[in-house]
1. Mind listing just one residue for me: the one in segment 6-24 that is out of contact with any Asp or Glu (no Cβ under 9 Å at 6 or more places or on another chain) and outside any strand (DSSP E or B) and, of those, surrounded by the most Cβ atoms within 10 Å (Cβ to Cβ)?
2. I'd like the full set of residues that are surrounded by 11 or more Cβ atoms within 10 Å (Cβ to Cβ) and touching a residue at least 12 places away in the same chain (Cβ under 8 Å), limited to segment 25-43.
3. What are the residue pairs meeting all of these: first residue in segment 51-76, first residue part of a helix (DSSP H, G or I), second residue not charged (D, E, K, R), Cβ atoms under 7 Å, and 6 or more apart or on different chains?
Amino acid sequence: MNNILALKPSEFDYKDGSGHQIGFIAQEVQNAFPDLVSTDETGMLTLNYLDIIALMIQEIKDLKTTVQEIQKKVSN
């Protein structure tokens, strides 16, 4: 969970002017999840967003379980 919380969504423009992006900074993701970052043929870092989504969905499921457990304790 701490690694997920360390991720900071960012909005940025590519230095070469090729476009606008909303996502994560690859170097920041690399610190938390090195396996989700690779280098393309031009030397640019790229992210595996599908795996990031999978990690986030698992964290949401874990949080739901925690909330349900707390709700049970509160209602008793």
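Here, each number is a calculation from the coordinates, and none is a lab measurement. Computed from a predicted structure; not experimentally measured. Positions of Cβ are backbone-derived with ideal geometry, glycine not excepted, and every protein chain shown enters the neighbour counts.
1. Residue satisfying both the conditions and the ranking: F24.
2. I25, A26, E28, V29, Q30, N31, A32, F33, L36
3. What qualifies is D51/L36; I52/L36; L55/I4; M56/I4; E59/M1; E59/I4.
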